[in-house]
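**Q** Okay, here's the structure, questions in a sec.
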Amino acid sequence: MDQQITAVIVNRKENKLRKAAGYHLDLFWVGILMALCSFMGLPWYVAATVISIAHIDSLKMETETSAPGEQPQFLGVREQRVTGTIVFILTGISVFLAPILKYIPMPVLYGVFLYMGVASLNGIQFWERCKLFLMPAKHQPDHAFLRHVPLRRIHLFTLVQILCLAVLWILKSTVAAIIFPVMILGLIIVRRLLDLVFSQHDLAWIDNILPEKEKKETNKKKKRRKGAHEDSDKEPQFPPPSVIKIPMESVQTDPQNGIHCTSRKRSSSWSYSF
């Protein structure tokens, strides 16, 4: 669960990552490593949320120059494997440095983790939406979701998230904490119920659309494109040309002047000769 939650937070569209996420591949290798660590008596090693967010923040790219009073624009993340490799190497070396690391006071470690947790809140949309409750409209930042979703709908969605977070927090602090994973799964039901309250357009900006919904929309678009392509390949159907019927009894043949056609109807008369 920690691995999947961390992967979802890191791969959010706000981080502008170019490489696609590999959720199934991550869980595949995590399952294998957990089995090996269990047989060898080693602790499980999965992605840590706070450390992963801090790692993403340290690799962010921003504009170097900006107008006075404006914040630098976020450009993206330097996606590479060097820092991750160094972190894992240092983690392995720290096992042999235990006699030295034990001299670090515990309050210092708690302070480092507290700072990392607070610093990692910047850039998370949930935290940005929470700050909007105490912020006047004229001082609100220029977020993309504020331009596409009404503010009341944003506050309603944020209140639902705060309520779910409070329930999980209270539950984890009691003796019923053993069913905490079940309550996490219960959030899936809450998320599906939100589809009945919010439109897919609003959810696309303040949250992610469920995979089934997105797949259905993609299939509909493909069918529309396929139908338009088939219609363009069909040959155009033109109406049959009009045919003038000439009664043969009105045609007289003259050996000297050629063909002479005379109409016998009173409504109109015409002649043609050559």
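**Q** What number goes with the only condition from (1) touching a Lys or Arg at 6+ places or on another chain (Cβ under 8 Å); (2) outside the structural domain of Val8 (by TED's automatic domain parsing) that Glu79 does not pass?
**A** (2)
**Q** Do we have any residue at all in region 64-73 that's surrounded by 10 or more Cβ atoms within 10 Å (Cβ to Cβ) and not in a loop (DSSP other than H, G, I, E, B)?
**A** No: zero hits.
**Q** Being more than 15 Å from Ala144 (Cα to Cα) and assigned to a helix (DSSP H, G or I) is the filter here; which residues of region 113-126 pass it?
**A** Phe113, Leu114, Tyr115, Met116, Gly117, Val118, Ala119
**Q** Next question, about the same structure. Kindly list, by first and then second residue, each pair from a residue in region 188-208 that is within 12 Å of Phe157 (Cα to Cα) and in contact (Cβ under 8 Å) with a residue 60 or more places away in the chain to a residue that is buried (at least 17 other Cβ atoms within 10 Å of the Cβ) and aliphatic (A, V, I, L, M), limited to pairs with Cβ atoms under 7 Å and residues at least 6 apart or on different chains.
**A** Once the first residue is within 12 Å of Phe157 (Cα to Cα) and in contact (Cβ under 8 Å) with a residue 60 or more places away in the chain and sits in region 188-208, its partners that are buried (at least 17 other Cβ atoms within 10 Å of the Cβ) and aliphatic (A, V, I, L, M) give Trp205/Val149; Ile206/Val149; Ile206/Ile154.
Residues are listed down the side, and each one gets a yes or a no for (1) among the acidic types (Asp, Glu); (2) surrounded by 15 or more Cβ atoms within 10 Å (Cβ to Cβ); (3) under 19 Å from the mean Cα position of the chain (by Cα):
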| site | (1), (2), (3) |
| --- | --- |
| Val8 | no, no, yes |
| Asn11 | no, yes, yes |
| Lys19 | no, no, yes |
| Phe39 | no, no, no |
| Gly76 | no, no, yes |
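**Q** Is one or more of the residues making up region 96-118 touching a Phe, Trp or Tyr at 6+ places or on another chain (Cβ under 9 Å) and not basic (Lys, Arg)?
**A** The answer is no, given that none of the residues of region 96-118 is touching a Phe, Trp or Tyr at 6+ places or on another chain (Cβ under 9 Å) and not basic (Lys, Arg).
**Q** Given the condition of a type in the set (Val, Ile, Thr) and modelled with pLDDT of 85 or more, answer yes or no: does some residue in region 58-72 qualify?
**A** The answer is no, given that none of the residues of region 58-72 is of a type in the set (Val, Ile, Thr) and modelled with pLDDT of 85 or more.
**Q** For the structure I just gave you, tell me whether His201 is under 30 Å from Glu70 (Cβ atoms) and in contact with a His (Cβ under 9 Å, 6 or more places away or on another chain).
**A** The answer is yes for His201.
**Q** Please count how many residues of region 78-112 are assigned to a helix (DSSP H, G or I) and more than 27 Å from the chain's Cα centre (by Cα).
**A** Total meeting the criteria: 22.
**Q** Would you confirm, using the coordinates I've provided, whether Leu156 is part of a helix (DSSP H, G or I) and either exposed (fewer than 14 other Cβ atoms within 10 Å of the Cβ) or over 31 Å from the mean Cα position of the chain (by Cα) (or both)?
**A** For Leu156, the condition - part of a helix (DSSP H, G or I) and either exposed (fewer than 14 other Cβ atoms within 10 Å of the Cβ) or over 31 Å from the mean Cα position of the chain (by Cα) (or both) - is not met.
**Q** Could you please let me know if Ile32 is surrounded by fewer than 13 Cβ atoms within 10 Å (Cβ to Cβ), of a type in the set (Val, Ile, Thr) and in a loop (DSSP other than H, G, I, E, B)?
**A** No.
**Q** Also: What about Val50, is it touching a residue at least 12 places away in the same chain (Cβ under 8 Å), farther than 27 Å from Ile206 by Cα and assigned to a helix (DSSP H, G or I)?
**A** no
**Q** Would you mind stating whether Ala47 is farther than 21 Å from Phe180 by Cβ, of a type in the set (A, V, I, L, M) and surrounded by 15 or more Cβ atoms within 10 Å (Cβ to Cβ)?
**A** Considered against the rule, which asks whether it is farther than 21 Å from Phe180 by Cβ, of a type in the set (A, V, I, L, M) and surrounded by 15 or more Cβ atoms within 10 Å (Cβ to Cβ), Ala47 comes out as no.
The values are calculated or read from the model by the stated rules, or taken from the named source; none is laboratory data. Note that this is a predicted model, so its numbers are computed, not measured. So basically every Cβ, Gly included, is an ideal-geometry build from the backbone, and we count neighbours across all protein chains shown.
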